[in-house]
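Colleague: Take a look at the following structure, please.
The values are calculated or read from the model by the stated rules, or taken from the named source; none is laboratory data. Not measured: the values here are computed from a predicted model. Here the Cβ is made from the backbone with ideal geometry for all residues, glycine too, and neighbour counts use every protein chain on show. Please note that ligands, DNA and RNA were not included when accessible areas were found on the heavy atoms of the full protein model with its side chains. Shrake-Rupley method; radii C 1.70, N 1.55, O 1.52, S 1.80 Å.
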Amino acid sequence: HHRGSSFGRGPEDYQPRQIDFENSISLAFLKTLDQHNKTSTQQGKPRVFVEDESRRIGGLSLPHVLGNRMKASDGIVIVEESMESRLDLLVDDYCIDLRQRFVALLGDEMGRKAHSDHLLDALYRIRKKLGGDRHA
């Protein structure tokens, strides 16, 4: 899920403080290294796959060290999906699943209204990126 995106935040989601975010990233890397060292018969460093869209994730920023390391990586893999597949994923995440989460938290009528308001608010937040002709 895209918890930092305008559309991805759900009714029960919050963003941690920057320091907590950075600590959780560090812990995830340490756990990955530890698991690799315990279970792998391969030589060398473990492979870690990250998605690179932006330094900003909602109100948070990737740590500079991680961002710089990602840019310097020689192991970049480009994953491409069809537009249809991407649209299916977006509809599932932002329309179906997110609506169900709002309804589960607030009940049917209030949940549907809150979900609708959430999507309209998200469109408003990205209006500059959409441009005037695409945002009414």
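Colleague: When ARG56 is evaluated against the numbered criteria (1) modelled with pLDDT of 75 or more; (2) surrounded by 11 or more Cβ atoms within 10 Å (Cβ to Cβ), which criterion, by number, is the only one it fails?
Modeller: Result: ARG56 passes all but (2).
Colleague: Can you say whether ARG99 is open to solvent by 70 Å² or more (accessible area, probe 1.4 Å), of a type outside the set (Val, Ile, Thr) and farther than 22 Å from GLY59 by Cβ, as far as the supplied structure shows?
Modeller: Yes; evaluated as a whole, the condition is true for this residue.
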